[in-house]
1. Pulled fully out, how much extra length does the chain show between residue 64 and residue 189, if you take 0.36 nm times their separation in residues and subtract their Cα-Cα distance?
2. Could you name the lysines in cross-link range of residue 140, using Cα to Cα under 26 Å and dropping any fewer than eight places away on the same chain?
3. Compute the helix-to-body angle for 145-163: its Cα long axis versus the longest principal axis of the chain, expressed 0 to 90° and rounded to tens.
4. So, by mean Cβ neighbours within 10 angstrom, what's the order for 21-33, 153-165 with the highest one leading?
5. Determine one quarter of the surface area of the Cα convex hull of the chain, which equals its mean projected area, and express it in nm² to one decimal.
6. For the chain, take the longest principal axis of its alpha carbons; what is the angle in degrees between that and the long axis of helix 30-42, to the nearest 10 within 0 to 90?
7. Note the angle between two axes, namely the Cα long axis of helix 2-16 and the longest principal axis of the Cα atoms of the chain, as a number of degrees from 0 to 90, rounded to the nearest 10.
8. Check cross-link reach from residue 250 to the aspartates and glutamates: straight Cα distance under 14 Å, and skip same-chain residues fewer than eight apart.
Amino acid sequence: MTYLFIVFLAVASATTYHVFIFPNRFAPAGVGGITTMVQYAFGFSAGYLTLIVNIPLALSVFFLGDKVFAVRSFLFVLVFSGMILVWEAVGFYQYDAGDNTLLAVIAAGTLGGVIYGYSLRMNSSTGGTDYVAALIHKVKPQFSLIWVIFALNASVAVVSFFVYDYQMEPVILCIIYCFTQSKISDGILKGFSSALKVEIITDKPDELIDELLKHIRHGITEIAARGAYSHTDKTMLVCLINKHDLVTFKKILAGFENTFAYVSSVNDVYGRFRRNTIIR
């Protein structure tokens, strides 16, 4: 099922490129941006060029790094390249946005972010830049990959100025695409089911727990604590709540003296647990 899903994502990615990117005179991020500009400038199909660029990179990662990652990513590249050629051969629909190119960029960035995010969640990728990042991480784990990817994307944006008839619009569109894709993929990787972590210091844990379980209905962890200034015994309660529970939580907390809490964001929750539980 994992490999079938990778095939589906690759077909979706090729369709996104063919429908939204190729007809609208802008280059996306990474190696895909380079192949797009070469296709525009010289007429050499991005399908062939993507495969040519990724074969040596895939082999390098396979022998030097993560074999599963290399194989899954190359499957994506292989299907992506093949579908680009298929869509070109059959003359599949292309969306020419005309003066509203921004709509095509947002659509491509959103779909690209979803595809990229789910690819990474399956220990795969879209190839290209991710292969380069994997090789650099293998050789120099301490090296910041963020700057490598930033440099490549910045280069694509700058070169697009010259490729697309010395205009600033393709540069701006490339930046918008990169931002949209990264925000969407980051959300998928971290999870959209965000919550709030509440840590409460109190000297009336039992009464407070009863109120929280009655109104908020989330599990609570109870931890023994000691005040560093007063040297008195306290209790820390740790609880995850939904954002819409925050108002109710504040009302409950207001009824307890010598009690305070601090709240932080949580991107996602993993593991198997029961609701309405107390862990001591």
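1. 42.5 nm
2. List returned: 67, 190.
3. The answer is roughly 40 degrees.
4. Values: 21-33: 23.6, 153-165: 17.8.
In descending order of packing, they fall as 21-33, 153-165.
5. Mean orientational projected area (the chain, Cα hull): 20.1 nm².
6. Once rounded, one gets 20 degrees.
7. It is inclined by approximately 60 degrees.
8. List returned: 199, 211.
Each value in this text was obtained by applying a stated rule to the coordinates, not by laboratory testing. Remember, predicted model here, so these are calculated numbers, not experimental data. For neighbour counting, all protein chains shown are included, and Cβ atoms are generated from backbone atoms with ideal geometry for every residue, glycine included.
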